[in-house]
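J.: Got a structure for you, written out below as structure tokens; questions coming shortly.
Values in this text are rule-based calculations from the coordinates and carry no lab data. Note that this is a predicted model, so its numbers are computed, not measured. Virtual Cβ from ideal backbone geometry, glycine too; neighbours counted across all protein chains shown.
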Amino acid sequence: MTDNCIFCKIAAGEIPSQKVYEDEETVVFRDIEPKAKIHLLCVPKDHFAYLSELTEVRARLLGRLMQKIAEHKDEWGLSQGYRLVINQGENAGQTVNHLHIHVLGGETLEWE
Ligand code: AMP
């Protein structure tokens, strides 16, 4: 756990969140400022900050996270489709420096 990381604290249960799923390496909870009808954040419990820090081991972890999203999509109200977003760095608007996948859906999403 990395000090002062809000997602590490959520993963550890130290600050509250609306969790929809948890296992030994993953936590999924509702975004506090949803950008779609359903907006979840899928977060690996092990802290790393950026997609650009991907290693082979982390890439496999990311693959498992995406597989879990696929497995749970119906239960999370995403059976009609969903969009995954990972913001990398400042220009992409990354505000929390703990890797996370935005999972958006529950309605027709605009695509510009
Ligand atoms: P990003 O801009 O890609 O780093 O995304 C960070 C996301 O985390 C934003 O969509 C925030 O609304 C969300 N967020 C920040 N703090 C919390 C929190 N305590 N609980 C749930 N979502 C949060």
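J.: Which of His39, Ala11, Leu99 sits farthest toward the positive end of the charge dipole of the chain, with +1 on the Cβ of Lys and Arg and -1 on the Cβ of Asp and Glu?
T.: Result: His39.
J.: For every helix of n ≥ 4 consecutive DSSP H residues, a contribution of -39,500 (n - 2.57) applies; sum these over the chain, divide by its total residues, and give [θ] at 222 nm rounded to the nearest 500 deg cm²/dmol.
T.: -6500 deg cm²/dmol
J.: So for each of 75-86, 91-102 I average, over its residues, the number of other beta carbons within 10 Å; can you give me the resulting order with the highest mean first?
T.: 91-102, 75-86
J.: At what distance in nm do the modelled label points of Asp46 and Asn4 sit from each other, each positioned 7 Å from its Cα along Cα→Cβ?
T.: For the pair Asp46/Asn4, the computed spacing is 2.5 nm.
J.: Right, another one. Please provide three numbers in whole Å: the alpha-carbon extents of the chain along the principal axes, with the largest listed first.
T.: The principal-axis extents, from largest down, are 37, 30, 27 Å.
J.: Let me ask another. Where does helix 56-72 land angle-wise versus the long Cα axis of the chain, in degrees 0 to 90, nearest 10?
T.: The two axes meet at around 30 degrees.
J.: Relative contact order for the chain: what percent, with Cα pairs under 8 Å and sequence separation of 6 or more?
T.: 31
J.: Given axes a ≥ b ≥ c from the Cα gyration tensor, I'd like to know whether the stretch 49-112 is rounded (a/c under 1.5), prolate (a/b larger than b/c) or oblate.
T.: Oblate.
J.: Mind checking the full-extension length gain between Gln67 and Thr55? Use 0.36 nm per residue of separation minus the Cα-Cα distance, one decimal, nm.
T.: Length gained, Gln67 through Thr55: 2.5 nm.
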